[in-house]
Amino acid sequence: MELVKNAYDADALRCTVKLERTSVEGGAIRVVDDGSGMTEADLVEGFLVVGRSRKAATAPTRRLGRIQVGDKGLGRLSAMRLGRKVVVLTRPFEEPGIELRLELNWDKFDEAIAVEEVELSLVRSPTTKGHGTEIHIENLRAPFPRGTADKLARNLLLLSDPFREIHADSGGSSDPGFTAELEANEFEDLQSKVETSYFRDADFRIRGTLNDHGEGQFSLLDWKGEVLYSSNATRTYEAPKLEFDLWHFVLDAGRFSNKSSTLPEVRAWLKHIGGVHVYQDGIRVPAYGGPGNDWLDLNLLRVRSPELRPGTNTSIGRVGVSNTAGALVQKTDRVGYLESEAFHELRRFCIDTLDWAAKVRVSERESGRRAERDDKSKRTAKASASLDKVLAKTVPDTQRKVVDNAIERVLRANEQETKVLREELQLYRSLATAGMTSAVFAHEIGRPLELLDTNLGMILKMIPEDRRKDADRRVGRITRQKERLNSFISIPLKLLAKSKRRRGRVDIDPCVRGLVDLIAPVLGHFNVEMEVSLNASTSAVSGSEALIEGVLLNLVTNSINAFQRRSTDVETRRIRISTAYDGDVLIMVEDNAGGIKDFDVSEIFLPGVTSQPDGTGFGLTIVRDSVSDLSGKIDVDPLTEFGGAKFTIKLFPMRALFE
Amino acid sequence: MNLARRVAVIDDEPDGRDTIVDQLQDCDYDAIPILGPFGNRIDKLIDEVEGLDPSFVICDQRLTAKQYASFNGVEVVKRLIELKRPAMLLTTYQDPDRVALRLARSQIPVIRGRDTFRIEDIDALREVVQHEIEDTPVASRKPHRVLMRVEAVREGYIDIVIPSWNPNHAFALPVQLLGPAVRRSVKAGDYLLGEVNIGATHEDELFFDNVDEVVEAAGNPF
């Protein structure tokens with residue numbers, strides 16, 4: 001890095017660092033620039049003398065007037081000592097066509113007792129190459145580890161203000177700029193990282209500028225660089241003229257779908273070089289923005305509003321400061337500025353810029369939400385205005401009041417319906433949960449029942465012959481109860497079969513037959529005789545088996561409950577299910593449980609209406625809703641000759657669609 | 001056969017009925033199942049039981065499922081106790097039954113859930129019933145006039161706490177158990193006066209009689 005800084009100080013426009021076979025011992029590093037080169041005097045009196053760097057730190061460079069950044073020779077020396085041999089080729093600007101070659105063989109120095117013993121040979125030769133300096137560090141003493149190469153790449157990239165391209169407008173300076181490059185076949189991926197930049201993919205750019213008088217201006221720009229918001233600082237800052245730019249990336253996959261880069265690319269890039277870097281007159285001041293250096297407390301502030309605030313991993317920034325007046329003083333170890341008042345003010349200004357931007361974005365988000373709300377009520381208002389207009393045209397004034405009232409009633413009914421639907425949805429959700437839970441339990445009960453059987457058989461074998469009869473009788477009871485459980489628990493499992501919920505053609509007669517078979521054990525338990533008379537032949541309806549089964553099951557359950565009423569006393573409990581086709585598909589369910597007595601027929605479908613103290617009153621509500629889902633109708637006869645209530649369901653046949 | 005050990009068993013479920021009969025016979029009781037069906041003729045059932053002159057009757061609460069009867073066990077036991085016939089009620093103690101049973105609790109000395117019922121307890125249970133029939137109830141069945149705090153008034157029920165029984169336990173009381181005047185005016189925060197067997201250990205054993213006085217919430221010293 002020191003050699004690259006030297007190139008900058010030599011007014012180079014371009015400096016290339018080549019790494020050759022550096023991952024093993026004996027490789028080479030070549031630093032090539034197109035700077036002013038060195039005359040013989042420069043070499044002997046400056047370059048080779050430690051601690052007497054020819055640069056007088058504050059004097060601008062000869063040709064481009066750059067503020068010098070290189071150090072006093074120590075860094076340079078240690079860099080050149082990386083290899084066993086160093087060759088310096090330099091072509092001074094002042095002497096075109098001349099190349100000076102200096103070769104340093106460190107092994108000779110190491111062998112010598114005093115440095116003066118080693119003779120340095122300076123060779124002059126003609127050349128056609130332009131001015132500049134090449135330093136070849138050869139026969140490296142140690143391999144260049146990956147981490148070091150990584151760091152070098154990062155530093156090279158950052159050293160020479162990678163933000164410059166975007167700052168083309170900030171010109172005015174005679175300095176055409178400085179570019180440092182890394183050429184390393186072994187580290188091609190690094191190279192690409194150094195060369196690529198993703199500023200165009202930033203979501204926002206936050207900008208703060210401070211002029212010579214300490215007057216600041218904040219602005220928020222979009223990704224195209226257009227100013228969205230701008231505002232003047234409310235106070236002045238005792239800091240040198242500066243420009244603060246921060247590109248904020250919202251690292252969200254959704255936002256990257258229409259960008260040229262991918263989220264992982266940008267994430268890696270930001271991880272590598274993210275942070276707010278400081279450039280003094282175009283050259284980086286470490287360690288601001290380096291790994292772990294969050295000198296503006298971005299991450300701390302971000303905690304407060306992660307969505308709207310940039311962090312070190314989601315942004316990259318630069319502070320370009322001109323230090324011609326020397327207000328900012330770099331520390332002697334050249335890592336950062338002394339914490340002077342000027343520096344504090346610089347930092348304060350940057351933080352104020354970020355605060356301002358965060359406020360702007362919060363209020364922007366709020367106004368977005370408000371706009372959305374306004375938009376909705378505007379749409380309603382618009383619809384109502386257009387209705388008014390139509391009415392004004394078509395309805396005579398004398399009738400207007402009547403129409404308005406009618407519309408008002410429709411709206412109110414709509415609201416009411418929405419409310420009812422919402423309540424029903426809650427009801428069905430809770431019932432669905434109960435249904436699914438019972439199916440899960442049913443599934444789990446199978447295994448225990450099977451174990452009961454096996455173990456009972458084993459116990460029976462242990463019983464002596466003379467007690468066998470008694471034991472068989474008792475075990476018989478267990479077996480019967482087990483079978484009852486078995487048949488009962490299979491019902492929810494079968495009802496909830498996925499295939500039954502599929503919408504499509506449902507053949508009525510097989511569907512009814514299937515359900516009757518399924519609930520036969522339940523009917524047996526309650527001593528109910530089921531009569532089935534299926535005459536719908538091949539009629540089918542459009543719907544789902546589950547809906548039709550649900551209707552039938554609820555009606556049958558209803559009948560079973562009716563049989564157990566205090567007032568019901570019949571010789572034989574009977575339920576009759578029949579189907580027919582008379583243009584519509586008809587399903588009839590009737591019983592002989594005495595009919596509907598306690599309620600008006602119009603009430604029975606309402607939720608919560610029940611004659612059972614422990615009933616839910618939802619059964620018939622579900623029946624009504626299911627029939628309506630099947631686009632059918634349901635009628636009730638409270639008492640028929642059969643001896644009880646009769647429900648008749650009319651469904652639209654599927655066949656009719658094709659006739 | 002020893003009449004003192006004759007036990008009648010009323011249950012609509014044959015397997016359930018036979019199980020208890022077998023259990024009793026294993027303990028040397030003379031167990032007699034009462035076979036139905038009776039439809040809605042409760043008198044016929046009572047007559048049949050009385051005709052056997054058993055020392056104890058065990059009756060299941062649910063009798064309707066298999067067409068055994070169209071009435072419930074609670075009615076049967078009430079009638080038998082009125083006739084001074086020792087009887088107990090057996091239930092599966094499902095929640096909906098619990099509050100309904102509380103209504104009849106003062107007239108039914110012993111109610112047992114199937115899960116806690118043990119044949120070995122029969123003599124002790126019969127003893128409890130016998131005391132009650134002779135109007136010398138055991139401590140857990142003796143009514144005391146106590147204060148009850150009304151926590152909430154709901155449809156058909158009020159939630160109460162009986163501090164002298166358990167100050168930390170609230171439970172539902174059917175409004176039918178309240179005197180007509182109380183039923184009309186009761187509100188949360190009120191205290192009620194009534195007779196409760198506060199010697200009972202479990203909520204299900206509590207009965208309520210003559211809940212006929214309201215101590216107004218306002219100015220209440222408690």
Would it be correct to say that A:GLU465 is of a type in the set (Asp, Glu), surrounded by fewer than 17 Cβ atoms within 10 Å (Cβ to Cβ) and closer than 27 Å to B:ALA69 by Cα?
no
Selection from the stretch B:124-141 of residues surrounded by 18 or more Cβ atoms within 10 Å (Cβ to Cβ) and among the acidic types (Asp, Glu) yields B:GLU132
Filtering the stretch A:284-314 for residues that are assigned to a strand (DSSP E or B) and either over 23 Å from A:LYS241 (Cβ atoms) or in contact with a helix residue (DSSP H, G or I) (Cβ under 6 Å, 6 or more places away or on another chain) (or both) leaves a count of 1
How many residues of the stretch B:14-47 are crowded, with 17+ Cβ neighbours inside 10 Å, of a type in the set (D, E, K, R) and either within 14 Å of chain A (Cβ to nearest Cβ) or closer than 21 Å to B:LYS78 by Cα (or both)? The answer is 2
- Task: Restrict the check to the stretch A:320-327 and report whether at least one residue is of a type in the set (A, V, I, L, M), loosely packed, with under 13 Cβ neighbours inside 10 Å and within 30 Å of A:GLY290 (Cα to Cα).
- Result: yes
Of the listed residues (A:ALA645, A:ALA593), the one being surrounded by 14 or more Cβ atoms within 10 Å (Cβ to Cβ), within 14 Å of chain B (Cβ to nearest Cβ) and at pLDDT 85 or above is A:ALA593
Of (1) within 14 Å of chain A (Cβ to nearest Cβ); (2) at pLDDT 85 or above; (3) over 20 Å from B:GLY51 (Cα atoms), B:PHE117 fails just (1)
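Here's the yes/no breakdown for (1) out of contact with any strand residue (DSSP E or B) (no Cβ under 8 Å at 6 or more places or on another chain); (2) without any contact (Cβ under 8 Å) to a residue 60 or more places away in the chain; (3) in a helix (DSSP H, G or I):
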{"position": "B:PRO54", "(1), (2), (3)": "no, yes, no"}
{"position": "B:VAL57", "(1), (2), (3)": "no, yes, no"}
{"position": "B:LEU89", "(1), (2), (3)": "no, yes, no"}
{"position": "B:ARG102", "(1), (2), (3)": "no, no, yes"}
{"position": "B:GLU127", "(1), (2), (3)": "yes, yes, yes"}
Would you confirm, using the coordinates I've provided, whether A:GLY617 is in a loop (DSSP other than H, G, I, E, B), surrounded by fewer than 18 Cβ atoms within 10 Å (Cβ to Cβ), within 14 Å of another protein chain (Cβ to nearest Cβ) and at positive phi? yes
(Q) Given the criteria touching a Ser or Thr at 6+ places or on another chain (Cβ under 6 Å), in a helix (DSSP H, G or I) and within 14 Å of chain B (Cβ to nearest Cβ), does A:PRO521 qualify? (A) yes
A:ASP509 vs (1) surrounded by 16 or more Cβ atoms within 10 Å (Cβ to Cβ); (2) within 14 Å of chain B (Cβ to nearest Cβ): all pass except (2)
Note on the stretch B:23-48: residues closer than 18 Å to B:ALA87 by Cβ, part of a helix (DSSP H, G or I) and touching a residue at least 40 places away in the same chain (Cβ under 8 Å) are B:GLN23, B:LEU24
Would it be correct to say that A:ARG361 is of a type in the set (D, E, K, R) and either under 30 Å from A:GLY289 (Cβ atoms) or crowded, with 19+ Cβ neighbours inside 10 Å (or both)? yes
Residue check, B:SER70 polar (S, T, N, Q), buried (at least 18 other Cβ atoms within 10 Å of the Cβ), over 25 Å from A:LYS469 (Cβ atoms) and away from chain A (no Cβ under 14 Å): no
Of the residues in the stretch A:434-458 that are loosely packed, with under 12 Cβ neighbours inside 10 Å and farther than 18 Å from A:ALA497 by Cβ, the one that is farthest from the other protein chains (Cβ to nearest Cβ) is A:ARG447
Being modelled with pLDDT of 90 or more and surrounded by fewer than 16 Cβ atoms within 10 Å (Cβ to Cβ) narrows B:HIS202, B:HIS144 down to just B:HIS144
Has the stretch B:152-162 got any residue that is in contact (Cβ under 8 Å) with a residue 40 or more places away in the chain and loosely packed, with under 13 Cβ neighbours inside 10 Å? no
By residue number, the members of the stretch A:219-251 that are in a loop (DSSP other than H, G, I, E, B) and among the acidic types (Asp, Glu) are A:GLU226, A:GLU238
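For (1) more than 24 Å from B:LEU90 (Cβ to Cβ); (2) assigned to a loop (DSSP other than H, G, I, E, B); (3) among the basic types (Lys, Arg), each residue gets a yes or a no:
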{"residue": "B:MET148", "(1), (2), (3)": "yes, no, no"}
{"residue": "B:GLU155", "(1), (2), (3)": "yes, yes, no"}
{"residue": "B:ASN166", "(1), (2), (3)": "yes, yes, no"}
{"residue": "B:ASP209", "(1), (2), (3)": "no, no, no"}
Restricting the stretch A:584-601 to residues that are acidic (Asp, Glu) and in contact (Cβ under 8 Å) with a residue 40 or more places away in the chain, the one nearest to A:VAL512 (Cα to Cα) turns out to be A:GLU590
When every residue in the stretch A:530-579 that is assigned to a helix (DSSP H, G or I) and within 14 Å of another protein chain (Cβ to nearest Cβ) is compared, the one farthest from the chain's Cα centre (by Cα) is A:PHE563
task: Look at A:ARG379 and say whether it is of a type outside the set (A, V, I, L, M, F, W, C), at pLDDT 80 or above and closer than 27 Å to A:THR236 by Cβ.
output: no
Residue set A:ARG348, A:ARG361, A:ARG400, A:ARG373; condition farther than 30 Å from A:TRP247 by Cα, in a helix (DSSP H, G or I) and at pLDDT 80 or above; output residue A:ARG400
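The values are calculated or read from the model by the stated rules, or taken from the named source; none is laboratory data. The shown structure was predicted, so the numbers you read here are calculated from the model rather than taken from an experiment. Quick reminder, even Gly has a Cβ in these numbers, built from the backbone with ideal geometry, and neighbours come from all protein chains shown.
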